[in-house]
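Notes follow the structure.
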Amino acid sequence: MPLLPRLAAEARRAGGGLPRRFWWLWTSTLVNRLGGFVVTFLSMYLTHERGYSASYAGLVASLFGLGSAVAAIGAGVLTDRLGRRPTLLAAQLATALSTAVLGFTDGPVAIAAVAFLVGLASNASRPAVSAMIADLVPAADRVRAYALNYWAINIGFGASAAVAGLIAVHGYLTLFLLDALTTLLCAVVVFVKVPETRPEAAPVAAEEPGVGLGAVFRDGPFMAVVGVNLLLALVVQQGSTTLPVDMGQHGLSAAGFGLVISLNGALIVLLQLPLTRLMENRDRTALLVAGALLTGWGFGLTAPAGSSAALYALAVAVWTVGEIVTSPTMMALVAEHSPARARGRYQGVYSLSWSLASFIGPLGGGLLLQYAGGWALWGGCAAAGTLAAVAFVAIGRRRPRPPVVGGTAVAAPVEAAA
């Protein structure tokens, strides 16, 4: 089959020259995502297995997102103070334990509380993994390394979503326990094969001013980028929260949802590397506008899908292409706004927009679906994608000013952010 050799060639080209310890970390990520069943099927589990409402499922997903937002800040501090490896191992062990407990938890208050803990534990590993990749991989290769890590996430997501729907037919508890087991296996891989990577602290020159979080939030052009990303992230969140509820309301099973949503991961696995090469040296604003429209209107196509799995699959395919186009382009845009000395804080605020979306999006989407219906929800997604495209045009018309540090303009780095 011609496609598979081409994909293998792209993977070899993208992965050449990276250190062995990176590949062990990459393997742990893949193993973790291969068992990442619970988040994808949590909304369907709550509404169809446990009989809760769509708004309650949205509330639980929002509390999961709130835990993720807290972890994005706290785990980043622990990663620098305690070290990457202990933070990552503690996060993985806590995730495995809380996920298993969630499978046995009963009652709306208890389920919501444990879901918050699962979100807190699972997202605590992300700053450590990102820091480890930056420690292990030279600056010139970091964008490629992060892309490969994202590729592993989607390989695991696509496979787990397809298989999990079939497993759920025989009982959702099995999903929770398998998720916990693979997270433990991921921790074993890190414990055995990945040593601590934190570099020795380098002294900071007295005349070199620092950059606090306040300076990041006062950087208007950068915060405009973060705001648009938040808008798009709110749309993307519907794919794992309100989409399964909507499909269930139209009579489609957990297995059907699993097969449809697995198309997202499969297309990213197949198309991300070759499309990223095609996007090189293209107009950035045009790419962002196209990505925003494909994302918003892709979700908008869900409205007329009804009970047709094929139409749901078409909608997923459209917004997945939008995700592929937008993700690396946004990385370059954020890097352009980020001074090198404050890249961590800038990336942290950018990542926080995703955590806020995972908190606000499920609750808002669940309420909108329950009280206004699918056409209002999916039409709102299309409108949000259109608004984001217009905002990208406005951002593109302004040359981003260098971020100001201590009253002095600092040139933004030319390479993509790590």
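The values are calculated or read from the model by the stated rules, or taken from the named source; none is laboratory data. All values reported here derive from a predicted model rather than from experimental measurement. Note that we place each Cβ from the backbone using ideal geometry, even for glycine, and neighbour counts take in every protein chain shown.
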Problem - Per-region count, region 28-56, residues at positive phi and either aliphatic (A, V, I, L, M) or modelled with pLDDT under 80 (or both) - result: 0
Practice task
Say whether the condition of being free of Cβ contacts under 8 Å to residues at least 24 places away in the same chain, hydrophobic (A, V, I, L, M, F, W, C) and either in contact with a Phe, Trp or Tyr (Cβ under 7 Å, 6 or more places away or on another chain) or more than 13 Å from residue 128 (Cβ to Cβ) (or both) is met by at least one residue in region 76-97.
Solution key: no
Completion exercise
Note: among 157, 104, 116, just one is at pLDDT 80 or above and under 28 Å from residue 352 (Cβ atoms), namely 116
Handout entry: Residue list for region 279-329, restricted to those being under 18 Å from the mean Cα position of the chain (by Cα), of a type in the set (Ser, Thr, Tyr) and either surrounded by fewer than 22 Cβ atoms within 10 Å (Cβ to Cβ) or farther than 26 Å from residue 162 by Cβ (or both)
Key = 327, 329
Practice task
Among residues belonging to region 141-181 that are closer than 15 Å to residue 255 by Cα and in contact with a Leu (Cβ under 7 Å, 6 or more places away or on another chain), point out the one that is surrounded by the most Cβ atoms within 10 Å (Cβ to Cβ).
Solution key: 160
